[in-house]
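The values are calculated or read from the model by the stated rules, or taken from the named source; none is laboratory data. None of the values given here were measured: they were computed from a predicted structure. All Cβ positions, even for glycine, are placed from backbone atoms using ideal geometry, and neighbour counts span all protein chains on display.
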Amino acid sequence: MLIGCPKEIKSQEFRTGLTPRAAVEAIAHGHQVVVETGTGAGAGFPDEDYRAVGAEVVDTAAEVFARAEMIVKVKEPQAVERKMLRAGQVLFTYLHLAPDPEQTRDLLDSGVTAIAYETVTDAAGRLPLLAPMSEVAGKLAPQTGAWTLQKANGGRGVLLGGVPGVAPAKVVVIGGGVVGTQAARVAAGMGADVTVLDTSLVRLRQLDDQFRHEFRTGYSSAGLMAELVAEADMVIGAVLVPGAAAPKVISREMLKTMKPGAALVDVAIDQGGCFETSHATTHQDPIYEVDGIMHYCVANMPGAVPRTSTLALGNATLPFMLALADKGWRKACEDDPHLLNGLNTHAGHLTCYPVGVAQEIDVLSPQLALKA
């Protein structure tokens, strides 16, 4: 198979979907690799690294899209990229379709077979291709939130860890999954007073058993959330419903109860955001203010640390990419129902149920798509 990787063009996105190490593996399996010039530069992988392992480096994304049987990326294809996709081609990347009907429409019109990292599962029901970036985003969230809290950025002027004689900042993390756990660990490590909220008692017990000396846990009822949010200096939204739009857990009315200059960090923004007042921002212009509350809603947070993020993502995606290339997408998905869960579109059909619910579109089951 001819595997292609174009350079990412989303604003301030420096990751790449294919490292030279992954190219080595693909070529060892008998495949060809073509990458756009500069695809790895932002993550510290110059073109020479790709050439050295036998990959072909070409001048334009158009050539990559035109020639490749499978396109491997990081972020969802932008509008100009979606015009270059075609039926019979496999797209393997993050998609986050639920809050993005325009992208969904373009992918369906193209006929491409699109497999989304964020809906691939494993035997335990986890999301193995989302987890690495969730870990990165979770660890970044307190760091970016602390920056947002600085007075020069519109925040309360509160130091996360406090100092002797001055209390630390109060941080509320909504969601106890991968993002929330990493966010809580880092915030607590910075000295903050941290509480993690979740609706799963099983997960809360796990967190309490493992981290009881680092942070507190609480059941995410409306009453408790309202109390804690009103007292918080920072709230980190780490809510996830796989493949679906994120639920809105903080309303605009709740902002009125918060301390002026408090910070909201919405890590769920790729799925539409979990705060009513959230809208996607970029690394160039990351924060905005609503009713005196500062919002940090960058839609590609891990892109701020592209070297770490690219290596972590590549470690996770490589086995699946090789399976798709070695077997073809049909056989790979027949052999692995967890990879089949990643199928979002095929031959003009939507194949991801949560996206269909969010956008009110008919869905073809992935099993039927295998036969289409």
Exercise for review: Any chance you could count how many residues in region 1-19 are farther than 21 Å from residue 56 by Cβ and assigned to a strand (DSSP E or B)?
Suggested key: 0
Study note, to complete from the structure: With the first residue restricted to region 302-328 and required to be charged (D, E, K, R), and the second required to be outside any helix (DSSP H, G or I), Cβ contacts under 6 Å at 6 or more apart or on different chains are 307/44; 326/29
Revision key, fill the gap. The condition of being within 20 Å of the chain's Cα centre (by Cα), closer than 30 Å to residue 197 by Cβ, modelled with pLDDT of 95 or more and assigned to a helix (DSSP H, G or I) holds, among 313, 339, only for 313
Study note, to complete from the structure: All-but-one check, residue 106 against (1) surrounded by 23 or more Cβ atoms within 10 Å (Cβ to Cβ); (2) under 21 Å from the mean Cα position of the chain (by Cα); (3) farther than 14 Å from residue 314 by Cβ, failing number (1)
Point to revise | Matching residues, region 246-263, being assigned to a loop (DSSP other than H, G, I, E, B) and surrounded by 20 or more Cβ atoms within 10 Å (Cβ to Cβ) | key: 246, 249, 258, 261, 262
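Residues checked against (1) within 19 Å of residue 87 (Cα to Cα); (2) assigned by TED's automatic domain parsing to the domain that holds residue 148; (3) in contact with a helix residue (DSSP H, G or I) (Cβ under 6 Å, 6 or more places away or on another chain):
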{"position": "295", "(1), (2), (3)": "no, yes, no"}
{"position": "310", "(1), (2), (3)": "no, no, yes"}
{"position": "328", "(1), (2), (3)": "yes, no, no"}
{"position": "334", "(1), (2), (3)": "no, no, no"}
{"position": "350", "(1), (2), (3)": "yes, no, yes"}
Review point. Which members of region 272-310 meet the condition of being surrounded by fewer than 18 Cβ atoms within 10 Å (Cβ to Cβ), assigned to a strand (DSSP E or B) and not aliphatic (A, V, I, L, M)?
Key: 288, 289
Check your understanding: Restricting attention to region 181-203, and to residues there that are of a type in the set (A, V, I, L, M, F, W, C) and in a strand (DSSP E or B), which single residue is surrounded by the most Cβ atoms within 10 Å (Cβ to Cβ)?
Key -> 196
Check your understanding: List, please: which pairs have Cβ atoms under 7 Å, are six or more places apart or on different chains, and start with a residue in region 256-268 that is over 13 Å from residue 288 (Cα atoms) and end with one that is at pLDDT below 95 and not aliphatic (A, V, I, L, M)?
Key -> none
